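The values are calculated or read from the model by the stated rules, or taken from the named source; none is laboratory data. Keep in mind that this is a model prediction, so the values were computed, not measured. Cβ: placed from backbone, ideal geometry, glycine included. Neighbour counts: every protein chain shown. Calculation scope for accessible area: heavy atoms of the full protein, side chains included, ligands and nucleic acids excluded. Shrake-Rupley method; radii C 1.70, N 1.55, O 1.52, S 1.80 Å.
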Amino acid sequence: MCNQSYSKLREINFDDYKERQVPIGISNRHVHVSQADLEKLFGEGYELTPKKDLSQPGQFACEECVDVVGPKGTIERVRILGPVRPETQVELAQTDARKIGVNAALRESGVLDGTEGCKLVGPKGEIELEKGCIVAHLHIHFHTDEAAKMGIKDHQVLTVLVRGQKNVLFCDVIARVGDKMKLDFHLDTDEANAALVGPGAVGIILD
């Protein structure tokens, strides 16, 4: 399917794929923190303050933000997402990573060995991460029931057509299936801008 000509892609009728449509969530740069690192940045015993629920059940954007510092610059007020995780992770678009001089590896969330680090600066302290800066690999979250209905298995590799103001075919999209997940195709800001898509956009799973 990734070898289809552009003219063929333009002929695809999204209405023919109603049962294989996926909503698109645009993910801005953000940070996940461990409890230990949270306390280094914000103080002993500190707890995250939920600001807004996210598309995935149990996950939320926080009031707390940190500065992300690389060899070439700083991105100020990068939002933390909760809840806390076992390891601290910084998810950037490639544009962000280049701006601050970090070679962020393309990785699945949580796969951090061999990645570059950066500095995080909070109101009560700062930390030097030895690893954890990534560009998130393209992925779709599926609840177990949604995946079964579509015949999709965890970590299956998918091809997704997104029609914004442009037609963009995303290949090598990883399916992430779980009982605590909800159907959502995550694009970072660079990927969303490439297709000129905005809130409410959908993609279709072609194969």
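Points to keep in mind about this one:
- Any pair with Cβ under 7 angstrom, 6 or more apart, that starts in the range 106-134 at a residue that is closer than 26 Å to Leu187 by Cα and ends at one that is open to solvent by 30 Å² or more (accessible area, probe 1.4 Å) and polar (S, T, N, Q): Glu116/Asn103
- For Cys133, the conditions (1) closer than 21 Å to Met181 by Cβ; (2) under 14 Å from the mean Cα position of the chain (by Cα) are fulfilled apart from (1).
- Within the range 70-79, one or more residues are under 20 Å from Ala36 (Cβ atoms) and either part of a loop (DSSP other than H, G, I, E, B) or not charged (D, E, K, R) (or both).
- Criterion violated by Val121 - all others in (1) touching a Ser or Thr at 6+ places or on another chain (Cβ under 9 Å); (2) on the phi > 0 side of the Ramachandran plot satisfied: (2)
- When the range 87-105 is filtered for residues that are of a type outside the set (A, V, I, L, M) and outside any loop (DSSP other than H, G, I, E, B), the ones remaining, listed by number, are Gln89, Glu91, Gln94, Thr95, Asp96, Arg98, Lys99.
- Total residues in the range 8-52, condition open to solvent by 80 Å² or more (accessible area, probe 1.4 Å), part of a helix (DSSP H, G or I) and in contact with a helix residue (DSSP H, G or I) (Cβ under 9 Å, 6 or more places away or on another chain): 1
- A search for C-beta distances below 6 Å between a residue of the range 77-88 that is among the small types (Gly, Ala, Ser) and any residue that is outside any loop (DSSP other than H, G, I, E, B), counting only pairs 6+ apart in sequence or on different chains, returns Gly82/Phe60; Gly82/Cys62.
- Selection from the range 85-110 of residues that are within 20 Å of Arg176 (Cβ to Cβ) and not charged (D, E, K, R): Pro86, Gln89, Val90, Leu92, Ala93, Ala104, Ala105, Leu106, Ser109, Gly110
- Members of the range 61-98 that are surrounded by 14 or more Cβ atoms within 10 Å (Cβ to Cβ), farther than 18 Å from Val135 by Cα and in contact with a Ser or Thr (Cβ under 9 Å, 6 or more places away or on another chain): Cys62, Glu64, Gly82, Val84
Rundown of residues vs (1) under 27 Å from Phe60 (Cβ atoms); (2) assigned to a strand (DSSP E or B); (3) of a type in the set (D, E, K, R); (4) open to solvent by less than 60 Å² (accessible area, probe 1.4 Å), yes/no style:
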| residue | (1), (2), (3), (4) |
| --- | --- |
| Lys124 | yes, no, yes, no |
| Val135 | yes, yes, no, yes |
| Ile140 | yes, yes, no, yes |
| Asp145 | yes, no, yes, no |
| Ile152 | yes, no, no, yes |
| Leu161 | no, yes, no, yes |
| Val168 | no, yes, no, yes |
| Asp172 | no, yes, yes, no |
| Ala175 | yes, yes, no, yes |
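- Residue match in the range 53-60 (condition: touching a helix residue (DSSP H, G or I) at 6+ places or on another chain (Cβ under 7 Å) and not hydrophobic (A, V, I, L, M, F, W, C)): no
- Residue match in the range 152-173 (condition: out of contact with any His (no Cβ under 8 Å at 6 or more places or on another chain), touching a residue at least 12 places away in the same chain (Cβ under 8 Å) and within 30 Å of Glu64 (Cβ to Cβ)): no
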